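Taking it in order: structure first as structure tokens, then the write-up.
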Amino acid sequence: MIRSILVFVVFQFFVSGFSQQKNIVLELFTSQGCSSCPNADRLLKQVSENNSYENVMVLAYHVDYWNRLGWKDPFSKASFTNYQQEYGRKFGGRSIYTPQLVINGKKHIVGSDKNSLIPSLNKLSSTSLSIPVTITSVTKKGNNVVLRYASIFDTNSRLNIVMLLKEKITEVKRGENRNRTLIDTHIVVDKKIIRDSSTSEIIFENVDFNMKELEFVAYIQNSQLEITGATNWQ
């Protein structure tokens, strides 16, 4: 008699990569439902692929207030809109807009304004951020991703740990961009906010993406939302 033995294995693997300090963080607030946003999305992609800007880290936050026009951006979240509203209060604007590009949490420009962006990047390229932060490991456990990090920051600051989808092509069927094919990059798909520097680990749950599709980012903001430390893992 032949006996079958079932062996249940918990698959766990270390995601190879490295953590590299950055000194410029670009946060683009965008939407697939905004006709002005594709140009900004393309500019963000160009900057990220330009070897002259290796110290630049880019993130695309998809907001949800354009969804009412007929196309629901699959990457949009109300929490990202709330985050943009924090910047709106900081900069004293009467309303928020897309595409908005925030540079190191200190200034903002129209996201497609290359003539304003490039001089800002060139000016900041020789500067450095004051607080070191490192992602020490990224491990996939089933459908969860465990990320470990190291940094020391004060109680008035916060550490943002972000999971990014490197690229996604979408056929938009409705809204302002109907019948257009959009290429979105560096898409924020999940974000954790840490306010206690004594912790060293977070978990992203129910991650359906292939790990090769993802990038991980950690950046510190002070009470004025200015970015004081940044790194990525890829």
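The values are calculated or read from the model by the stated rules, or taken from the named source; none is laboratory data. Nothing here was measured: the structure is a model prediction, and the numbers come from that model. Ideal geometry is used to build each Cβ from the backbone, glycine not excepted, and the neighbour counts take in all protein chains shown.
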Practice prompt. Scan the range 172-184 and give yes if some residue there is under 15 Å from the mean Cα position of the chain (by Cα), over 25 Å from Ser36 (Cβ atoms) and not hydroxyl-bearing (Ser, Thr, Tyr), otherwise no.
Written response: no
Response to the item:
Considering residues that are outside any strand (DSSP E or B), under 14 Å from Val133 (Cβ atoms) and touching a strand residue (DSSP E or B) at 6+ places or on another chain (Cβ under 8 Å), the number found within the range 197-207 is 2
Item to complete: Give me the pairs, please: first residue somewhere in the range 104-123 and closer than 16 Å to Ile227 by Cα and part of a helix (DSSP H, G or I), second residue anywhere and at pLDDT 95 or above and β-branched (Val, Ile, Thr), beta-carbon distance under 7 Å, and either six or more positions apart or on two chains.
Response: Ser120/Ile103; Leu121/Ile24; Leu121/Val56
Discussion item. Being farther than 21 Å from Asn210 by Cα, of a type in the set (Gly, Ala, Ser) and either in contact with a helix residue (DSSP H, G or I) (Cβ under 8 Å, 6 or more places away or on another chain) or at pLDDT 95 or above (or both): is that true of Ser112 here?
Written reply: yes
Practice prompt. Working only within the range 74-86, note down all residues that are exposed (fewer than 15 other Cβ atoms within 10 Å of the Cβ) and in a loop (DSSP other than H, G, I, E, B).
Written response: Pro74
Practice prompt. Tell me, yes or no, whether the range 62-73 has at least one residue that is part of a loop (DSSP other than H, G, I, E, B), surrounded by 17 or more Cβ atoms within 10 Å (Cβ to Cβ), in contact with a strand residue (DSSP E or B) (Cβ under 7 Å, 6 or more places away or on another chain) and β-branched (Val, Ile, Thr).
Written response: yes
Discussion item. Could you check the range 22-61 and list, in sequence order, the residues that are under 18 Å from Lys168 (Cα atoms) and part of a loop (DSSP other than H, G, I, E, B)?
Written reply: Ser31, Gln32, Gly33, Cys34, Ser35
Discussion item. Restricting to the range 20-50, and then to whatever is under 14 Å from the mean Cα position of the chain (by Cα) and aliphatic (A, V, I, L, M), can you tell me which residue is surrounded by the fewest Cβ atoms within 10 Å (Cβ to Cβ)?
Written reply: Ile24
Fill in: Selected residue (criterion: surrounded by the fewest Cβ atoms within 10 Å (Cβ to Cβ)) from residues of the range 197-229 that are closer than 25 Å to Val47 by Cβ and polar (S, T, N, Q)
Asn210
Discussion item. So, in the range 164-196, how many residues would count as being part of a loop (DSSP other than H, G, I, E, B), surrounded by fewer than 19 Cβ atoms within 10 Å (Cβ to Cβ) and touching a Ser or Thr at 6+ places or on another chain (Cβ under 8 Å)?
Written reply: 2
Item to complete: Confirm whether Gly105 is touching an Asp or Glu at 6+ places or on another chain (Cβ under 6 Å) and on the phi > 0 side of the Ramachandran plot.
Response: yes
